[in-house]
1. Give me the percent of the accessible area of segment 9-153 that comes from carbon and sulfur atoms, probe 1.4 Å, all protein chains in place.
2. With contacts defined as alpha carbon pairs under 8 Å and 6 or more residues apart, what's the relative contact order of the chain in percent?
3. For segment 214-219, in order, what is each residue's ³J(HN,Hα) by Karplus, 6.51 cos²θ - 1.76 cosθ + 1.60 with θ = phi - 60°, in whole Hz (x at glycine and Pro)?
4. Which three extents, in angstrom, do the Cα atoms of segment 4-130 have along their principal axes, listed largest first?
5. Which pairs, out of K105/K157; K105/K198; K27/K105; K105/K135; K87/K198, put more than 24 Å between their alpha-carbon atoms?
6. Which residues among segment 127-144 fall inside the zone where the amide N is under 12 Å from a point 7 Å beyond the Cα of M176, along Cα→Cβ?
7. Mind checking the per residue accessible area of segment 85-166 for me, 1.4 Å probe, whole number of Å²?
8. Whole-Hz Karplus ³J(HN,Hα) for segment 49-59, in order, using 6.51 cos²θ - 1.76 cosθ + 1.60 and θ = phi - 60°, x for Gly and Pro?
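The values are calculated or read from the model by the stated rules, or taken from the named source; none is laboratory data. Quick caveat: nothing in here was measured; it's all calculated off a predicted structure. Positions of Cβ are generated from backbone atoms using ideal geometry, with glycine treated the same way; all protein chains shown enter the neighbour counts. Remember, those area values only see protein heavy atoms, side chains included, never the ligands or the DNA or RNA. Shrake-Rupley method; radii C 1.70, N 1.55, O 1.52, S 1.80 Å.
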Amino acid sequence: MAGRLAQLRARIDAAARCAGRDPDSVKLLAVSKTFDADLVLALAELGQRAFGENYVQEAVAKMDACRDRRPEAGLEWHFIGPIQSNKTRTIAERFDWVHSIDREKIATRLGEQRPESLPPLDCCVQVNVSGEASKSGCAPEDAPAVARAIAAQPRLKLRGVMAIPEPTEDLALQRMRFAAARAVLQGLRDELAGDHAKAIVTLDTLSMGMSADLESAVAEGATIVRIGSALFGHRPRIVAG
């Protein structure tokens, strides 16, 4: 795992330098869904702090296990999966980030359910830049309405845009789709400059790029890359919840 992490960080650094960017401007989010607390803590020992989860019940059990075994680790938990309405309270209470808000209703529920004792929840609007019917995410033209719903909630902090484009080996198509996500982020800055000017200050995040396409994502401005298989290897199972 140490070797995989070093290789991955080298890929990110090289991609950033090739794009004329500071490598420190790209954050690695380790997608730990379906992997156990042992592997999370092994990566934490190597300096990784941010972890992404798709399934609420699995994530909460893993968070508790990691906290009980390494309370000093200071792990940061990101929810990156589709959000069901009956899961919003747990997400609001347990996570530090949510990348996958694609409906105004979900934004409102998360904001109302975020405890006052916690910092505002960092949030991204998930945008479907490939137009796939099977993919979560709002249409690009609907992103401003979702962003406004997030910005209107005092317990939420609007951070940016998340995208999961349709997989392709066509590098030009990868770049085009990531560029579309970047354009949505810029559009949100323009849209919110009036009524929600304060939200512009933290509207700095492009969550995009995975193991197979992170170089294209970084070239188009990704600030968070979500990496699973390149770190953990083959995913062992699918867990609902």
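1. Looking at segment 9-153 in its full context, I get 47 percent from C and S.
2. 21
3. Here the 3J(HN,Hα) series is 5, 4, 5, 5, 5, 4 Hz.
4. 41, 39, 26
5. Among K105/K157; K105/K198; K27/K105; K105/K135; K87/K198, the Cα-Cα distance tops 24 Å for K27/K105; K87/K198.
6. 130
7. For segment 85-166, the solvent-accessible area averages 40 Å² per residue.
8. Result, rounded to whole Hz: 10, 9, 10, x, 10, 10, 10, 4, 5, 4, 5.
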